[in-house]
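Take a look at the structure set out below.
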Amino acid sequence: MNPAALRVQRIYLVLLLGNTLAASFIWGINTLFLLDAGLSNFEAFAANAFFTVGMVIFEIPTGVVADTAGRKVSYLLGTVTLSVTTGMYWMLWLWHASFVWWAVVSVLLGLGFTFFSGAVDAWLFDALTWTGYTGSWEAVFGRGLAVTGIAMFAGSVLGGVIAQATDLGVPFLLRAGVLILTFLFASVVMKDLGFTPDRGTGPLKATRNVLTQSIEHGLGKRSVRYVILSAPFASGVGIYAFYALQPYLLDLYGDPSAYSIAGLAAAILSVAQVAGGILAPRIRGLFARRTTMVIGASLTSVAALVVLGLNSLFSLAVVFLAVWGFVVAVAAPVRQGYLNDMIPSKQRATVLSFDSLFGSFGGVFIQPGLGRSADLWGYGTSLVIGGLVELIGIPILFASRRQRDPADTTGARPPRP
């Protein structure tokens with residue numbers, strides 16, 4: 001990398017570090033936090049589903065914000081929104097509020113995350129292209145995944161330990177504080193390089209123009225469309241499994257008050273994510289096509305979830321939890337590189353938001369459904385069902401593979417505006 005590209009990458013990694021550290025303070029204890037507030041399993045995962053409803057509602061509008069007002073503006077709005085709504089979540093826990101309030105604030109939390117989704121990756125892709133970077137996108141996204149894994153490990157372990165030493169609300173206050181620090185950092189160093197926001201037209205016309213072109217380059221392009229349509233199954237199951245593994249590990253461990261063990265689930269996944277992010281470019285080199293690697297990782301993910309659900313030993317669950325986290329992490333930067341290589345710069349943030357939207361859409365229905373199955377038959381059975389649901393998305397990935405897009409092979413470069 002040249003010096004300008006290195007600076008862009010460093011800023012990107014610091015942004016990921018701050019975002020993930022803030023978020024991960026509560027990842028290890030979020031389900032326990034909701035249950036402690038008086039919600040049932042169904043209500044807890046329904047609250048998470050309302051979070052994804054918020055992402056579905058706001059993904060496209062906030063993607064348009066990033067493509068018209070700028071990536072930096074979108075990012076700053078995200079940090080402010082998340083900081084405020086995290087504080088509101090803490091207050092609901094204090095008050096043991098009714099479910100309807102959890103639903104409302106969860107939707108607003110989803111709004112905060114949609115300002116990030118699409119905008120940060122689009123900022124990186126455009127800025128690195130502007131600096132003349134010609135290297136591997138999997139390597140950059142892999143480094144990002146490794147950094148988020150480190151932050152996730154630190155945050156989830158600290159969150160669990162702090163919750164056990166104090167109470168379940170303190171990690172939420174820490175999260176809000178770190179988000180304020182990331183806002184200050186981004187406001188100083190983040191610049192929209194290689195991208196000029198379209199501020200010359202009115203907001204409605206700009207939204208219509210960007211949305212029309214984004215549909216054309218997103219859902220209108222078969223190779224992109226099938227990747228996006230496969231997202232609900234993997235993402236919906238992945239979100240559920242991440243949070244269900246907290247109480248599931250506690251059940252297997254035999255101590256429902258061991259919050260640090262609940263944080264262990266997120267910590268194990270973070271270590272697996274670091275390993276996956278570092279090794280993804282090398283493993284990618286073993287395959288002629290990106291889709292081969294993504295499909296193989298998806299099949300392994302399904303198998304790991306089924307084994308996790310059928311297992312009754314805590315130690316074995318830890319092993320397969322690591323396997324599941326590793327294959328998901330290895331596939332993520334390859335999938336990111338594949339999508340980004342197929343999308344023009346001007347519509348990149350919005351099309352990536354389409355992808356995130358469809359992933360969130362799966363969570364709207366899959367999370368409460370699997371949560372209800374956990375109420376009826378236990379967490380193990382719900383994980384097995386989740387694996388079978390994820391299996392539905394694999395034939396759709398094969399449909400993208402059959403299009404033989406140049407981005408599916410090594411050496412493809414990003415399309416120009």
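For the stretch 302-383, give the percent of accessible area contributed by carbon and sulfur heavy atoms, probe 1.4 Å, rounded to a whole number. Please report the intermediate quantities before stating the final value.
Details: 1950 of 2600 Å².
Heavy-atom surface of the stretch 302-383 belonging to carbon and sulfur, 1.4 Å probe: 75 percent.
Might you work out the accessible area of E390 for me, using a 1.4 Å probe with all protein chains in place, and round it to the nearest 10 Å²?
20
With unit charges on the beta carbon (Lys/Arg positive, Asp/Glu negative), name the residue among V161, I385, S187 whose Cα is farthest towards the positive pole of the charge dipole of the chain.
My answer, from the dipole projection, is S187.
For R335, R348, R208, give the ranking by accessible area with the largest first, probe 1.4 Å. It would help to have the intermediate numbers written out before the result.
Values: R335 60, R348 5, R208 135 Å².
Per-residue accessible area, sorted high to low, gives R208, R335, R348.
Give or take rounding to whole Å, what are the principal axis extents of the alpha carbon atoms in the stretch 1-66, in descending order?
So the three principal-axis extents are 53, 28, 13 Å.
What ratio of Cα Rg to 2.2 N^0.38 Å holds for the chain? Before the final figure, lay out each step's value.
On the way: Rg = 20.1 Å, N = 417, 2.2 N^0.38 = 21.8 Å.
Here the answer is 0.92, to two decimals.
Let me confirm the definition first: pairs of Lys residues in the chain, 8 or more apart or on different chains, C-alpha distance under 19 Å. How many are there?
Details: K72/K191; K72/K346; K191/K346; K205/K346; K221/K346.
Lysine pairs meeting both conditions in the chain amount to 5.
Protein chains only, probe 1.4 Å: how do S373, S235 rank by accessible area, largest first? Present the calculation step by step, with values, prior to reporting the outcome.
Working: S373 5, S235 45 Å².
Putting S373, S235 in descending order of accessible area: S235, S373.
Distances over 12 Å make up what percent of all Cα-Cα pairs in the stretch 336-377?
Numbers: 569 of 861 pairs.
Summing the P(r) tail past 12 Å for the stretch 336-377 gives 66 percent.
Using θ = phi - 60° and the Karplus curve 6.51 cos²θ - 1.76 cosθ + 1.60, what whole-Hz ³J(HN,Hα) does each residue of the stretch 385-401 get, with Gly and Pro shown as x?
With coefficients 6.51, -1.76 and 1.60, one gets 4, x, x, 5, 5, 4, 4, 4, x, 5, x, 5, 5, 4, 5, 5, 4 Hz.
Take I29, I392 and sort them by solvent-accessible surface of the protein heavy atoms, 1.4 Å probe, largest at the top. Each step should come with its number before you reach the end.
Values: I29 0, I392 90 Å².
So, going from the largest accessible area down, we get I392, I29.
When the helix-only estimate is applied to the chain (DSSP H runs of n ≥ 4, each -39,500 (n - 2.57), divided by the residue count), what is the mean residue ellipticity at 222 nm, nearest 500 deg cm²/dmol?
Values: 16 runs with 333 residues, N = 417.
That comes out to -27500 deg cm²/dmol.
Putting +1 on Lys and Arg Cβ atoms and -1 on Asp and Glu Cβ atoms, find which of Q273, T85, F42 reaches farthest to the positive end of the dipole of the chain.
Of the options given, the answer is Q273.
Please report the accessible area of I150 (heavy atoms, 1.4 Å probe, ligands and nucleic acids excluded) in Å², nearest 10.
100
Which percent of the accessible heavy-atom area of the stretch 1-105 goes to carbon and sulfur, probe 1.4 angstrom?
Numbers: 2800 of 3660 Å².
Carbon and sulfur: 76 percent of the exposed surface of the stretch 1-105.
In debye, nearest 20: dipole of the stretch 316-417 around its Cα centre with unit charges on the Cβ of K, R (+) and D, E (-)?
Working: 9 positive and 6 negative charges, 86 e Å.
The calculation lands at about 420 debye.
Among P197, L370, V294, which residue has its Cα positioned farthest towards the positive end of the charge dipole of the chain, with +1 placed on the Cβ of Lys and Arg, -1 on the Cβ of Asp and Glu, and the dipole taken about the Cα centre?
Value: P197.
Residues of the stretch 85-121 with amide nitrogen under 20 Å from the 7 Å Cα-to-Cβ point of K191?
120-121
Ratio of the stretch 284-324's C-alpha Rg to 2.2 N^0.38 Å, to two decimals? Present the calculation step by step, with values, prior to reporting the outcome.
Numbers: Rg = 12.7 Å, N = 41, 2.2 N^0.38 = 9.0 Å.
Relative to the 2.2 N^0.38 Å estimate, the stretch 284-324 comes out at 1.41.
Using a 1.4 angstrom probe, figure out how much accessible area the chain has per residue, in square angstrom, rounded to the nearest whole. Kindly include the intermediate steps, with their values, before the conclusion.
On the way: 15840 Å² over 417 residues.
Ligands and nucleic acids excluded, the figure is 38 Å² per residue.
Expressed as a fraction of 2.2 N^0.38 Å, the rule-of-thumb size for a compact globular protein of N residues, what is the C-alpha radius of gyration of the stretch 6-116?
Normalised by 2.2 N^0.38 Å, the Cα Rg of the stretch 6-116 equals 1.15.
Which value in nm describes the separation of the simple spin-label points at V319 and F398, placed 7 Å from the Cα toward the beta carbon?
That separation, rounded to one decimal, is 3.1 nm.
So for the stretch 232-341, averaging the separation of alpha carbon pairs under 8 Å that are six or more residues apart and normalising by length, what relative contact order in percent results?
Computed over the stretch 232-341, the figure is 34 percent.
Once the Cα gyration tensor of the stretch 290-417 is diagonalised, what are the square roots of 5 times its eigenvalues, in whole Å and ordered largest first, as equivalent ellipsoid semi-axes? Before the final figure, lay out each step's value.
Details: eigenvalues 199, 58, 28 Å².
Semi-axes (√(5λ), whole Å): 32, 17, 12.
Roughly how many nanometres apart are two label points built 7 Å out from the Cα toward the Cβ at M1 and V100?
Here the answer is 5.0 nm between the modelled labels.
Taking θ = phi - 60°, what integer Hz values does the Karplus form 6.51 cos²θ - 1.76 cosθ + 1.60 yield along the stretch 32-39, in sequence order, with x for Gly and Pro?
With coefficients 6.51, -1.76 and 1.60, one gets 5, 4, 5, 5, 5, 7, x, 7 Hz.
Please give the charge dipole size of the chain, origin at the Cα centre, charges +1 on K and R Cβ atoms and -1 on D and E Cβ atoms. Round to the nearest 20 debye. Let's see the in-between values first.
Details: 26 positive and 19 negative charges, 317 e Å.
Value, rounded to 20: 1520 debye.
Using all C-alpha to C-alpha distances in the stretch 288-350, build P(r) with 10 Å bins and read off the rounded percent in each one.
Over the stretch 288-350, the share of Cα pairs per 10 Å bin runs 21, 37, 25, 13, 5, 0 percent.
Roughly how much of F326 is accessible, in Å² to the nearest 10, using a 1.4 Å probe?
Rounded to the nearest 10, the figure is 60 Å².
What does the charge dipole of the stretch 51-150 about its Cα centre add up to, to the nearest 20 debye, if the Cβ of each Lys and Arg holds +1 and the Cβ of each Asp and Glu holds -1? Present the calculation step by step, with values, prior to reporting the outcome.
Numbers: 3 positive and 5 negative charges, 42 e Å.
With Lys and Arg at +1 and Asp and Glu at -1, about 200 debye.
The values are calculated or read from the model by the stated rules, or taken from the named source; none is laboratory data. Predicted model, so just to flag it, every value in this text is computed and none were measured. Counting neighbours? That spans all protein chains shown, and the Cβs are built from the backbone with ideal geometry, glycine included. When the accessible area is computed, the model is the full protein with side chains, heavy atoms only, and any ligands, DNA or RNA have been set aside. Shrake-Rupley method; radii C 1.70, N 1.55, O 1.52, S 1.80 Å.
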